[in-house]
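Asks: Take a look at the following structure, please.
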Number of protein chains: 2
Amino acid sequence: MKKITVLGSTGSIGTNTLDIVGRLGEEYAVIGLAAGSNIGLLLEQVRKFRPKIVSLRTKGDAARFKEESGDPGVRVVFGAEGAEEVARFDENDLVVAAITGIEGLRPTIAAVETGVRVALANKESMVVGGAILRSKAAASGAEIIPVDSEHSGLFQCLAKERKENVQKAVLTASGGPFFRTPLAEIKRKTVAEALAHPRWKMGRKVSIDSATLMNKGLELIEARWLFDLEPAALGILIHPQSVVHSLVEMRDGSTLAQLSITDMRVPIQYALTYPERSASDLPALELSRVRSLEFFEVERERYPLIAYARQALETGKSLPVALNAANEAAVEAFLGGRIGFADIAAVIGAVLDGHRVCEAETLEAVLAIDRETRGRSENHIKKKE
Amino acid sequence: MKKITVLGSTGSIGTNTLDIVGRLGEEYAVIGLAAGSNIGLLLEQVRKFRPKIVSLRTKGDAARFKEESGDPGVRVVFGAEGAEEVARFDENDLVVAAITGIEGLRPTIAAVETGVRVALANKESMVVGGAILRSKAAASGAEIIPVDSEHSGLFQCLAKERKENVQKAVLTASGGPFFRTPLAEIKRKTVAEALAHPRWKMGRKVSIDSATLMNKGLELIEARWLFDLEPAALGILIHPQSVVHSLVEMRDGSTLAQLSITDMRVPIQYALTYPERSASDLPALELSRVRSLEFFEVERERYPLIAYARQALETGKSLPVALNAANEAAVEAFLGGRIGFADIAAVIGAVLDGHRVCEAETLEAVLAIDRETRGRSENHIKKKE
């Protein structure tokens, strides 16, 4: 019996994770859930999976949940401490870290510190706290298994190989909804248009990151820490069909690739069953139906954020933290209708121009840089409103 | 220092193998060469690589070679026994088995019996003698590393995976020169047209096998023995770009694939350096230049031989031996201008119709079935002349 805890259970990755746990059957149990404020959905999840501990965002949410559930068998906690308590729950065999954004960093660190296996879906944790997570994992013995389809693919391809033989690890990007949009039209794109991702059903934040390609920029930085690869050994290819998730070019001219249908439940299941693989009842990939797989280089002009992400990847230290904070602030402002689509890149560019690179090797340093950058981001956003 | 012997050194795989050994540098030496009658090329190879033993097809060839070379340091042998002596040479670290057709079976068995690592390029050996080679390898401890690009790809993808997790192993086929030819026109195709393979530069026999897709049928049977996979777990996809060489579908919905440029030196180098990988100075695969990778199901009507190959794969025993013998005879007759392209399938079909399936678990049985089938093939060929 594998006992699973899901941090961020009511989000997109969280609900898909629980769907897979339900399909995997009796050898998997859900033991802890950390949610935000979606009490109704959390109640459903608790009724179905009977965890031992749940966490909500606020004390009020926790009180309402207790009232509505009336379940005496569940321990109910709340806030950042609550999420961390769920992450540290001593019966965990596997913690799925799926709280989006920097909010997910503390509970992810908490889980890693216990030495448990962590299925990492929260890429921001690795982007801003890669050095911290790596050293904590080394100390505790925690294994970090990626949940992102691209990193799951890399993980599977790299498992077969020695690192010195790897020439390049390539993440594919669908190119998002504006891959074929005339450049001049992109800046007028609305929130609804930016959310209409052609391939993946995802949360709102990550859908916008996909339209700007920042998603892939953050994934480059995540891959750097997950696989201990040099920045020069990391690349991106646009692949509109999103069937090939990643490729590993070996120095002898062989390339290994991982493919699947465009459904995040495939890499989620891999992370849950690893090092085993279980039969899946999801539809199989049928290449003769997809017919054609296309690959394109990244157009710098179409995706200006990639240059910032490359810079953060290469510079390291505080720059990825600032990049992520500026991006979270700018995307939130765009989703809230405060700024236009092209302003996302403009705000991030301006914020990074004003950033002084410093060390970011402690949680406190990361959080301070994050706060400071969000403050400056807000100033730049206001100028664009 | 890895000491390499090449059986079939003057053929297409042989010359490419020696090209790669030259590129790999001082850690690789050529110690033995078995050739046919191409004395001039063998002389060049001997001058360049300084092997300790060489073999030629006939006593006369051997005498001429000795006369022309005048090299006292090389032991010169000849005939089937000579090739076997080279295969068994006690300093061999790796034997590249690249003698085409059933002629390669005896020396391949000889190498496997010594327990040395064998890089297998002679697919007919596995097709007709899979059971024999498997049991000999199990007894001697010989490792068999495939050289065919498709099997090399499968070998790389299957590494570290557990067999019970493999749902399907798929070999890709370019479709050959007649993939887009109107069906009615195929039967009128000439030898020159059938030899004009769109992707791979190969020997004449294998080029025709590629036009009929028999090449892929034989590879299915080869894969069955190399990887101990059930017939139902083996498939073919047409992939005209020949960039993806094979795919392994795992039962959890993940597919692993191996890709490279269309150059047989990539899998040859892998087989030589395995389990290591060495840097290659061949051009890298650039997917954004290839742009599009297409996949199609196999059209049964276009490639009638695939049905025969499937039957041989599923029935086993003597049927793959008969299939291979009928195919070798029919292809030779086509290359010699005796029969037309469509007659290849007609001859093979008629020969297999008259074949009574029996056991084929000894070399003697295999050779007897081969002889008997060639005799019957010749009768059918004569009727078509």
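The values are calculated or read from the model by the stated rules, or taken from the named source; none is laboratory data. All of these numbers come straight from a predicted model, not from anything done at the bench. Backbone-built Cβ (ideal geometry, glycine too); neighbour counts: all protein chains shown. Ligands, DNA and RNA are excluded from the accessible area calculation, which covers all protein heavy atoms including side chains. Shrake-Rupley method; radii C 1.70, N 1.55, O 1.52, S 1.80 Å.
Asks: What about A:Ala194, is it among the small types (Gly, Ala, Ser), at pLDDT below 95 and assigned to a helix (DSSP H, G or I)?
Replies: For A:Ala194, the condition - among the small types (Gly, Ala, Ser), at pLDDT below 95 and assigned to a helix (DSSP H, G or I) - is met.
Asks: Anything in segment A:176-189 that is without any contact (Cβ under 8 Å) to a residue 24 or more places away in the chain and either in a loop (DSSP other than H, G, I, E, B) or among the hydroxyl-bearing types (Ser, Thr, Tyr) (or both)? List them, or say none.
Replies: Once the filter is applied, which keeps residues that are without any contact (Cβ under 8 Å) to a residue 24 or more places away in the chain and either in a loop (DSSP other than H, G, I, E, B) or among the hydroxyl-bearing types (Ser, Thr, Tyr) (or both), segment A:176-189 yields A:Arg180, A:Thr181, A:Pro182.
Asks: Would you call A:Val290 β-branched (Val, Ile, Thr), free of Cβ contacts under 8 Å to residues at least 60 places away in the same chain and more than 30 Å from A:Ala342 (Cα to Cα)? Walk me through how you get there before you give the answer.
Replies: Values: β-branched (Val, Ile, Thr): yes; free of Cβ contacts under 8 Å to residues at least 60 places away in the same chain: yes; more than 30 Å from A:Ala342 (Cα to Cα): yes.
Yes; evaluated as a whole, the condition is true for this residue.
Asks: Just one of A:Gly141, A:Gly153 is in contact (Cβ under 8 Å) with a residue 24 or more places away in the chain and more than 14 Å from every other protein chain (Cβ to nearest Cβ); which is it? Spell out how you get there, then give the answer.
Replies: Numbers: A:Gly153 fails: more than 14 Å from every other protein chain (Cβ to nearest Cβ).
Being in contact (Cβ under 8 Å) with a residue 24 or more places away in the chain and more than 14 Å from every other protein chain (Cβ to nearest Cβ) holds for just one of A:Gly141, A:Gly153, which is A:Gly141.
Asks: Next up: Looking at B:Ser246, B:Ser242, which one is in a strand (DSSP E or B), within 14 Å of chain A (Cβ to nearest Cβ) and not aromatic (Phe, Trp, Tyr)?
Replies: Only one candidate qualifies: B:Ser246.
Asks: Restricting the first residue to segment B:70-93 and requiring it to be aliphatic (A, V, I, L, M), which pairs with a second residue that is open to solvent by 60 Å² or more (accessible area, probe 1.4 Å) meet a Cβ separation below 7 Å and a spacing of at least six or different chains?
Replies: Taking only residues 6 or more apart or on different chains, the pairs are B:Val74/B:Lys52; B:Val76/B:Lys66; B:Val77/B:Glu85; B:Ala80/B:Arg106.
Asks: Any chance segment A:227-243 includes a residue that's over 18 Å from the mean Cα position of the chain (by Cα), assigned by TED's automatic domain parsing to the domain that holds A:Ala211 and over 24 Å from B:Ala284 (Cβ atoms)?
Replies: no
Asks: Among B:Ala184, B:Ala194, which is small (Gly, Ala, Ser) and in contact with a helix residue (DSSP H, G or I) (Cβ under 8 Å, 6 or more places away or on another chain)?
Replies: B:Ala194 is the lone residue from the list that is small (Gly, Ala, Ser) and in contact with a helix residue (DSSP H, G or I) (Cβ under 8 Å, 6 or more places away or on another chain).
Per-residue answers, yes or no, for (1) open to solvent by 30 Å² or more (accessible area, probe 1.4 Å); (2) assigned to a helix (DSSP H, G or I):
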| residue | (1), (2) |
| --- | --- |
| A:Ile348 | no, yes |
| A:Leu352 | no, yes |
| A:Val357 | yes, no |
| A:Ala360 | no, no |
| A:Glu364 | yes, yes |
| A:Ile369 | no, yes |
| A:Gly375 | yes, yes |
| A:His380 | yes, yes |
| A:Lys383 | yes, yes |
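Asks: Let me ask another. Given the condition closer than 29 Å to B:Phe179 by Cα and not assigned by TED's automatic domain parsing to the domain that holds B:Ile221, answer yes or no: does some residue in segment B:353-366 qualify?
Replies: So far as segment B:353-366 goes, yes, one or more of its residues are closer than 29 Å to B:Phe179 by Cα and not assigned by TED's automatic domain parsing to the domain that holds B:Ile221.
Asks: Given the conditions (1) touching a Leu at 6+ places or on another chain (Cβ under 6 Å); (2) farther than 19 Å from A:Ser152 by Cα; (3) modelled with pLDDT under 95; (4) surrounded by 19 or more Cβ atoms within 10 Å (Cβ to Cβ), report the number of the one that A:Lys123 does not fulfil.
Replies: (2)
Asks: Looking at (1) assigned to a loop (DSSP other than H, G, I, E, B); (2) open to solvent by 40 Å² or more (accessible area, probe 1.4 Å); (3) out of contact with any helix residue (DSSP H, G or I) (no Cβ under 7 Å at 6 or more places or on another chain), which is the only condition B:Asp281 fails?
Replies: Every listed condition holds for B:Asp281 apart from (3).
Asks: If you go through segment B:300-309 one residue at a time, do you hit one that is surrounded by fewer than 19 Cβ atoms within 10 Å (Cβ to Cβ), among the small types (Gly, Ala, Ser) and in contact (Cβ under 8 Å) with a residue 40 or more places away in the chain?
Replies: Taking every residue of segment B:300-309 in turn, none turns out to be surrounded by fewer than 19 Cβ atoms within 10 Å (Cβ to Cβ), among the small types (Gly, Ala, Ser) and in contact (Cβ under 8 Å) with a residue 40 or more places away in the chain.
Asks: Sticking with this structure for a sec: When you go through B:Leu220, B:Leu237 one by one, which is the residue that is touching a Phe, Trp or Tyr at 6+ places or on another chain (Cβ under 8 Å), at pLDDT 95 or above and outside any loop (DSSP other than H, G, I, E, B)?
Replies: From the options B:Leu220, B:Leu237, the qualifying one is B:Leu237.
Asks: Also: Assigned to a helix (DSSP H, G or I), within 19 Å of the chain's Cα centre (by Cα) and within 28 Å of A:Gly129 (Cα to Cα), is that true of A:Ile268?
Replies: Yes, satisfied.
Rundown of residues vs (1) open to solvent by 10 Å² or more (accessible area, probe 1.4 Å); (2) not assigned by TED's automatic domain parsing to the domain that holds B:Ala271, yes/no style:
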{"residue": "B:Ala137", "(1), (2)": "yes, yes"}
{"residue": "B:Ala169", "(1), (2)": "no, no"}
{"residue": "B:Arg180", "(1), (2)": "yes, no"}
{"residue": "B:Arg199", "(1), (2)": "yes, no"}
{"residue": "B:Met202", "(1), (2)": "yes, no"}
{"residue": "B:Lys205", "(1), (2)": "yes, no"}
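Asks: Pick from A:Ser278, A:Ser254, A:Ser260, A:Ser292: which is within 8 Å of chain B (Cβ to nearest Cβ), of a type outside the set (Val, Ile, Thr) and more than 30 Å from B:Ser280 (Cβ to Cβ)? Talk me through it step by step, then tell me what you get.
Replies: Values: A:Ser254 fails: more than 30 Å from B:Ser280 (Cβ to Cβ); A:Ser260 fails: more than 30 Å from B:Ser280 (Cβ to Cβ); A:Ser292 fails: more than 30 Å from B:Ser280 (Cβ to Cβ).
Exactly one residue qualifies, and that residue is A:Ser278.
Asks: Continuing with the same structure: Would segment B:225-233 turn up any residue that is on the phi > 0 side of the Ramachandran plot, more than 8 Å from every other protein chain (Cβ to nearest Cβ), open to solvent by 20 Å² or more (accessible area, probe 1.4 Å) and in contact (Cβ under 8 Å) with a residue 24 or more places away in the chain?
Replies: Yes, some residue in segment B:225-233 is on the phi > 0 side of the Ramachandran plot, more than 8 Å from every other protein chain (Cβ to nearest Cβ), open to solvent by 20 Å² or more (accessible area, probe 1.4 Å) and in contact (Cβ under 8 Å) with a residue 24 or more places away in the chain.
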